[in-house]
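Chemist: Structure in structure tokens, see below.
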Amino acid sequence: MGLPPYASTGQKIWHYTFLVICGLIFFFLIAPIVTIIPLSFNAENFFTFTPGMLAFDPDAYSLKHYRDFFTNPDWQQALANSVRIAPVATLLSVTLGTLAAVGLSQSHVPFRRLIMAILISPMIVPLIISAAGMYFFYSRIGLQGTYLGVVLAHAALGIPFVIITVTATLVGFDRSLTRASANLGAGPVRTFFRVQMPLILPGVISGGLFAFITSFDEVVVVLFVGSAAQKTLPWQMFIGLREQISPTILAVATILVVISIALLTVVELLRRRSERLRGLSPA
């Protein structure tokens with residue numbers, strides 16, 4: 001929205017100053033990501049721009065780091081572990097988080113705020129504390145260093161995102177629809193899947209995407225809870241920074257950035273669809 005024609009000089013100055021400030025903040029946030037992408041095409045094994053890259057010499061750019069990622073067995077094993085862990089953790093997060101959000105949306109549930117605070121606490125508590133707690137707890141019950149332990153830990157981290165997005169979708173939900181379904185003879189389960197789920201589906205999918213990104217990019221918890229057999233892609237990147245100083249990390253980071261952008265684009269499209277379904281925006 002542009003300035004109205006009757007805006008004063010002070011309002012115009014503040015408007016353009018505000019745009020400049022927003023632009024600087026956006027540049028500050030996006031600059032590290034933008035820097036990584038061209039560095040991933042470096043023909044040399046450096047983490048900095050070479051003179052040839054700065055001169056836009058074609059020979060200074062190469063896909064060798066991407067080839068290393070797709071051919072190196074260590075990177076491929078880490079990718080396979082991430083692909084095995086993240087979808088299962090996401091499925092658990094979506095199932096449990098959706099049920100929790102639907103239950104807490106009922107006005108007759110006692111201590112709703114307290115239960116909600118406990119369920120979203122993994123988002124608030126520092127990750128290192130959650131990881132240490134999971135390590136000691138899983139060690140006692142025999143899940144430390146197992147595939148199931150990592151999946152459950154990532155599911156616990158993803159549930160808060162599902163609860164928040166589904167709860168936000170349920171804010172504009174018309175309760176008269178469920179009452180009408182009950183009056184027509186449908187049971188609670190059938191009402192949920194036939195009436196409620198189609199309307200809150202954008203929020204459920206959005207929460208699932210956030211849970212998937214959280215699981216796919218997480219490294220602290222898997223370092224505590226997992227073992228060498230569950231070495232995920234972020235864990236392999238951590239090893240590459242600490243031990244090998246491998247520039248392949250830049251190529252992997254670029255791939256993860258592209259995946260994250262694609263998933264966030266889907267989330268935004270689902271958010272707009274959810275607003276249209278609830279009548280909050282024009283069709």
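Chemist: With +1 assigned to the C-beta of every Lys and Arg and -1 to the C-beta of every Asp and Glu, and no other charges, what is the dipole magnitude of segment 106-265 about the Cα centre in debye, to the nearest 20?
Modeler: With Lys and Arg at +1 and Asp and Glu at -1, about 540 debye.
Chemist: Tell me, what is the percent relative contact order of the chain, built from C-alpha pairs under 8 Å that lie six or more residues apart?
Modeler: So the answer I get is 26 percent.
Chemist: Per-residue HN-Hα couplings for segment 187-193, Karplus 6.51 cos²θ - 1.76 cosθ + 1.60 at θ = phi - 60°, whole Hz, x for Gly and Pro?
Modeler: Whole-Hz 3J(HN,Hα) from phi for segment 187-193: x, x, 5, 5, 4, 5, 7.
Chemist: Something else now. For segment 129-145, in order, what is each residue's ³J(HN,Hα) by Karplus, 6.51 cos²θ - 1.76 cosθ + 1.60 with θ = phi - 60°, in whole Hz (x at glycine and Pro)?
Modeler: For segment 129-145, the Karplus curve yields 5, 4, 5, 5, x, 5, 4, 5, 5, 5, 5, 6, 9, x, 9, 5, x Hz.
Chemist: Within the chain, which is the longest segment that contains none of the chymotrypsin sites (Phe, Trp or Tyr not before Pro) sitting in a DSSP loop with at most 15 other Cβ atoms within 10 Å?
Modeler: Answer from the scan: 112-283.
Chemist: What are the ³J(HN,Hα) couplings of segment 247-259, residue after residue, when phi is run through the Karplus curve with 6.51, -1.76, 1.60 and θ = phi - 60°? Round to Hz, x for glycine and proline.
Modeler: For segment 247-259, the Karplus-derived couplings read x, 4, 4, 5, 5, 5, 4, 5, 4, 5, 5, 4, 5 Hz, x marking Gly and Pro.
Chemist: A further question on this structure: If I model a spin label at Asn45 and Val109 as a point 7 Å from the Cα along the Cα→Cβ vector, what separation in nanometres do I get?
Modeler: 5.4
Chemist: Quick one: if the Förster radius is 41 Å, what FRET efficiency do Leu184 and Leu269 give, using the C-beta to C-beta distance and rounding to 0.05?
Modeler: Here the calculated transfer efficiency is 0.80.
Chemist: Starting from the 7 Å offset along Cα-to-Cβ, what nm value, one decimal, do you get for the label separation of Ile129 and Arg84?
Modeler: So the label points at Ile129 and Arg84 sit 3.3 nm apart.
Chemist: Springs between alpha-carbon atoms under 10 Å, Gaussian network over the chain: tell me which of Ala168, Ala211, Ala86 tops the mean-square fluctuations.
Modeler: Residue with maximal mean-square fluctuation among Ala168, Ala211, Ala86: Ala168.
Chemist: Can you give me the long-range amide H partners of Tyr61? Hydrogens built in the peptide plane at 1.01 Å from N, cutoff under 5 Å, separation of 5 or more residues or another chain.
Modeler: Those qualifying (amide H under 5 Å, at least 5 residues apart or on another chain) are Ala43.
Chemist: With runs of 4+ DSSP H residues as the only contributors, calculate the mean residue ellipticity of the chain at 222 nm using -39,500 (n - 2.57) per run, divided by the residue total and rounded to the nearest 500.
Modeler: -23500 deg cm²/dmol, from helical runs alone.
Each reported figure results from applying straightforward, stated rules to the coordinates on display, with no laboratory input. Just so you know, these numbers come straight off a predicted model, no measurement behind them. Virtual Cβ from ideal backbone geometry, glycine too; neighbours counted across all protein chains shown.
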